[in-house]
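Data block below; observations after.
The values are calculated or read from the model by the stated rules, or taken from the named source; none is laboratory data. From a predicted model like this one, the values you see are computed outputs, not experimental measurements. Cβ sites come from the backbone with ideal geometry, for glycine too, and all protein chains shown count toward neighbours.
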Amino acid sequence: MPLGTKLPANQCSSAMFYTTNLCEKLFQPSSDFTLTDSKCPLLESKYKSLHDPHLSGYYNRKDVLKRLRKGGFITEHKKIICTLKDFNEYRQYLTTIKLDFEKNYMREQRNLVKQLLELQEQDQLPEGIRTSELREWLLEEGCKHLRDMERIGRNRYIFSKSYPSYYPS
């Protein structure tokens, strides 16, 4: 089943769902700052001690693992058991993170192509450079121009927030 689809409740009555391993973070770092609605978070941010990596010493004790398995909190393979609702929310969260990563990757690729075309128009590419060497050259030499442009854009943004009268909306 594709990652973005929810599992229906009527087909999963006897199935067991789990999210991550014991003491593994539930939230994954985002590739960039997200501008999603703060009143509708991607995943509930309530503290869940079974996902806390700092408690791994406690939760990996044999007596505690036995109690967690007996209570139905984890599987035999130390996976944290959850409800269908939690599982679907987690799948939606993972889908959003995946799409965010892909969007940022595509933006980076477009920026690299744009930068390459600008350098080609200005005849700043070295003669006889192979495609395999081009990436390394762009990272070393070509990115100076990109970093300067990013700094100018960042300063322009900061200036526009500090002095909004210069930049009418």
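Kindly indicate whether Gln120 is touching a helix residue (DSSP H, G or I) at 6+ places or on another chain (Cβ under 7 Å) and either assigned by TED's automatic domain parsing to the domain that holds Cys23 or under 30 Å from Met16 (Cα atoms) (or both). It is false that Gln120 is touching a helix residue (DSSP H, G or I) at 6+ places or on another chain (Cβ under 7 Å) and either assigned by TED's automatic domain parsing to the domain that holds Cys23 or under 30 Å from Met16 (Cα atoms) (or both). Conditions: (1) exposed (fewer than 11 other Cβ atoms within 10 Å of the Cβ); (2) modelled with pLDDT under 85; (3) farther than 30 Å from Trp137 by Cβ. Gly71 meets all but one. Number of the miss? The one condition Gly71 does not meet is (2). Taking segment 46-64 as the region of interest, how many residues are in contact with a helix residue (DSSP H, G or I) (Cβ under 9 Å, 6 or more places away or on another chain) and touching a residue at least 24 places away in the same chain (Cβ under 8 Å)? Matching residues across segment 46-64 total 4.
Every residue, every condition in (1) surrounded by 14 or more Cβ atoms within 10 Å (Cβ to Cβ); (2) not in a helix (DSSP H, G or I), yes or no:
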position: Arg67; (1), (2): no, no
position: Glu76; (1), (2): no, yes
position: Asp86; (1), (2): yes, no
position: Gln92; (1), (2): yes, no
position: Thr96; (1), (2): yes, no
position: Leu99; (1), (2): no, no
position: Glu102; (1), (2): no, no
position: Tyr105; (1), (2): no, no
